[in-house]
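K.L.:
This structure is in structure tokens; I'll ask about it shortly.
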């Protein structure tokens, strides 16, 4: 059987993309390996109507609602390979299944490679974060540390004083020039040049010189990458940013490969549940219209 569309990834973007197709009574399959990017966070903030709910509860409710539609199928597993075959796309899963669809929606997400600081990974999503809009408010204007990974960390350091007293921990990764130092000073940011030995307590930074600085929360930029090679296998073009390469799409979320749409973190240089949901809705509706009005 050939599906009208296969959605690769069943987190927020993928669920949102599937819904318009389900409501159009199209035969669709969602393939999901169950690894949400925000699985470490206790609550998701900034999503209208869902503010402060556990991420897994939002995803669970959305999946239950989606699966009420009779034309939707769900497959737990990983899509390993994808290619174009004449008028359809072929998908092979990790357990050897071979599946076919007229359209593909890639909601593959991204994977985060964290700075190799002892104690950081254990606190990721709990007291160490990457998004001020998602987690800054809950720090209640306390003491915030920004752990530098490159010059791109300047953006974090200049933003976060809106959420609390901010210290920029250079950790040997970056040295601001005189102009950047002036910008930081203007924003009231303290610069700490000593290297970090480890993170302890809730968000306590132990420096190599023996000092400990206690913070209410820490922010840093992970090195991120697409969580699946499928977009590359299909020949999708990527845009490069200072954060990570993301799949290039047009206004309707169609990629450079006709018939392949992409949404969510893998198709936008911003990690946000509401943006993922909005992108997914656009991708799903555009996928349906391409099935109606095009013959590719």
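K.L.:
Within 10 Å, count the other beta carbons around each residue, average over each peptide in 262-272, 36-46, 83-93, 107-117, and list them highest first.
P.N.:
262-272, 107-117, 36-46, 83-93
K.L.:
Further question: Which ordering of 163, 124 is given by a fewest-first count of other beta-carbon atoms within 10 Å?
P.N.:
Ranked by crowding around the Cβ, least crowded first: 124, 163.
K.L.:
When the helices in the chain are scored as -39500 (n - 2.57) per DSSP H run of 4 or longer and the sum is shared across all residues, what 222 nm value do you end up with, to the nearest 500 deg cm²/dmol?
P.N.:
Calculated mean residue ellipticity at 222 nm is -7000 deg cm²/dmol.
K.L.:
Okay, moving on. If you count the DSSP beta bridges with both ends in region 123-258, what percent of them are antiparallel, to the nearest 5?
P.N.:
If I count the DSSP bridges inside region 123-258, around 40 percent turn out antiparallel.
K.L.:
Say each of residue 190 and residue 178 gets a label point 7 Å from the Cα, pointing the same way as Cα to Cβ; how far apart are those two points in nm?
P.N.:
2.6
K.L.:
Just for the chain, what percent of DSSP beta bridges are antiparallel, to the closest 5?
P.N.:
Approximately 45 percent, going by the DSSP bridge assignments.
K.L.:
Additional query: Scale the Cα Rg of the chain by the rule-of-thumb value 2.2 N^0.38 Å and send over the ratio, two decimals.
P.N.:
1.10
Only the coordinates and a few stated rules stand behind these numbers; no lab work does. Nothing here was measured: the structure is a model prediction, and the numbers come from that model. Glycine also receives a Cβ, built like all others from the backbone with ideal geometry; neighbour counts cover every protein chain displayed.
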